[in-house]
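Before any comments, here is the structure.
The values are calculated or read from the model by the stated rules, or taken from the named source; none is laboratory data. On a predicted model such as this, the values are computed, not experimentally measured, just so you know. Cβ coordinates were reconstructed from backbone atoms using ideal geometry, including for glycine residues, and neighbour counts include every protein chain displayed.
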Amino acid sequence: MEEKVIEFLSSPFVSQLLILGVAFFFSFIENLFPPSPSDVVLLFLGSLISFGRVDFIPLLLVSTLGSSFGFLTMFLIGKLLGERVLDEGRLKFINIESLNKVRHWFGKYGYWIVVANRFLSGTRAVISFFAGISELSTLKSTLLASVSALLWNFLIVYLGFTLGKNWKVAIDFLELYWRVVLIIIVALVVIYLVYLRLKKKSR
């Protein structure tokens, strides 16, 4: 999918307004329908800055706005419809005990999870959905998510801008980063589960 988008945007006849529209769309949609190639697309769009096709600040602000609205949309879906979706059993892989644990985690670390959310590709929609269910402050959560998105999008856009026509080199670094993050998350979950099991046995 991203190959066709990138091929289309490579045309010199595509306007800056359309480029910004694509940046907003992919930044927004990744929060609703993961996995999304938003980071790769944004990386490519950043490379267009070096060719004068789009300006740095508008691209950064529009992509961040899309990320923020996407987070808020999924957050509100969780807040307004999350309980109903879970009660009707549409998410059969989640039981009540697991949901209570998630709420406990968000109760203790919710805002920190929201801040880290942007740097955890593939989990953004899930975290924003459960943030809504966990009744975190809508305003505070959205502001923190926006700051997180601004930082992450800045790194991606700047990387694309710096590399220019060699922007594809960064894809390997992104893939390595995502793998490392996934390994760390899995390791932390395993450690936490082992801790709970040992704690339960000691009682």
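Filter the stretch 115-152 for residues that are in a helix (DSSP H, G or I), surrounded by 18 or more Cβ atoms within 10 Å (Cβ to Cβ) and under 10 Å from the mean Cα position of the chain (by Cα) and give the result.
ASN117, ARG124, ALA125, ILE127, SER128, ALA145, SER148, ALA149, TRP152
How many of the residues in the stretch 1-56 are within 13 Å of the chain's Cα centre (by Cα) and in a helix (DSSP H, G or I)?
Residues flagged as within 13 Å of the chain's Cα centre (by Cα) and in a helix (DSSP H, G or I) within the stretch 1-56 amount to 8.
Which of the residues spanning the stretch 10-27 are of a type in the set (A, V, I, L, M, F, W, C) and over 26 Å from MET74 (Cβ atoms)?
Correct list: PHE13, VAL14, LEU17.
Give GLY107, GLY89, GLY21 a once-over and let me know the one that is surrounded by fewer than 15 Cβ atoms within 10 Å (Cβ to Cβ), farther than 23 Å from TYR177 by Cβ and modelled with pLDDT of 85 or more.
GLY21
Filter the stretch 125-179 for residues that are free of Cβ contacts under 8 Å to residues at least 12 places away in the same chain, farther than 23 Å from ILE113 by Cβ and charged (D, E, K, R) and give the result.
LYS168, ASP172, GLU175 - these are the residues of the stretch 125-179 that are free of Cβ contacts under 8 Å to residues at least 12 places away in the same chain, farther than 23 Å from ILE113 by Cβ and charged (D, E, K, R).
May I ask you to say which residue of PRO58, PRO12, PRO35 is closer than 20 Å to ALA145 by Cα, at pLDDT below 85 and not hydroxyl-bearing (Ser, Thr, Tyr)?
Within the list PRO58, PRO12, PRO35, the selection yields PRO35.
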